[in-house]
Amino acid sequence: MEVAGVGYGLSVSLNTFDRLPIEGASVFLHAYTYVREDRLQLFGFWDPAERDMFTLLIGVSGIGPNSAQTILSGLSVADLQRAIHRELVTELTQVRGIGSKTAQRIVVELRDKIRLPVTGPDDGADDSRALDDPLSEEAKMALEALGFATASARKAVAAALRKHGEGTPTVQDLIKGALRER
């Protein structure tokens, strides 16, 4: 990223990366500077909620900035908040590098520090409703097996459901539609 003629490297989550415009376009990212005696790292976030969640995650014992970034790449902020409030340890362990004990620690240490997200038009609330049926869940799992992050797979399947229109889609229809959305 270039700011006033000076280039900076920022680490971003996959959720932020998916929202970035084409190379060379102007973008505003919320930055977090991680300073330790042996390193200085910059992290960029699309919105302040993601940066705030990052700050909370690095405050959890055993979670460093890279682990926090990995968690935010695997789950959206809203999904992470729901998982913590509902104590869905298994959903947290779906993120690469997060084991059962770490997931439990995240839930215990952050349960009282976060508030449930307010649902808005584009926060993924309708995505979770769209994935209530077994076909959508199977399509989401297939996309995850193809390398999609959980949040990206959920959003792509929800978009495919919205575009499918009338009738009941098959799992194959949902997967094809989701792949077209990417």
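The values are calculated or read from the model by the stated rules, or taken from the named source; none is laboratory data. Fair warning: this is a prediction, and the values are worked out from it, not measured in the lab. A quick note on method: Cβ atoms are made from the backbone with ideal geometry, for glycine too, and the neighbour counts reach across all protein chains shown.
Some values worked out for this structure:
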{"item": "Scan of the range 56-73 for residues that are in contact with a strand residue (DSSP E or B) (Cβ under 7 Å, 6 or more places away or on another chain) and more than 19 Å from THR90 (Cα to Cα), ordered by number", "result": "PRO65"}
{"item": "Residues located in the range 3-22, provided they are exposed (fewer than 10 other Cβ atoms within 10 Å of the Cβ) and touching a residue at least 24 places away in the same chain (Cβ under 8 Å)", "result": "GLY9"}
{"item": "Only one of GLU23, GLU50 that is in a helix (DSSP H, G or I) and under 28 Å from GLU2 (Cα atoms)", "result": "GLU50"}
{"item": "Qualifying residue in the range 110-119 (condition: surrounded by 18 or more Cβ atoms within 10 Å (Cβ to Cβ) and at pLDDT 85 or above)", "result": "yes"}
{"item": "Unmet criterion (only one of (1) under 24 Å from ALA145 (Cβ atoms); (2) buried (at least 20 other Cβ atoms within 10 Å of the Cβ); (3) among the aliphatic types (A, V, I, L, M)) for ALA68", "result": "(1)"}
{"item": "Residue pairs meeting the criteria (Cβ under 6 Å; at least 6 apart or on separate chains; first over 17 Å from LEU72 (Cβ atoms) and not assigned by TED's automatic domain parsing to the domain that holds GLU144, in the range 87-109; second of a type outside the set (Val, Ile, Thr) and at pLDDT 85 or above)", "result": "VAL89/ALA103; VAL89/GLN104"}
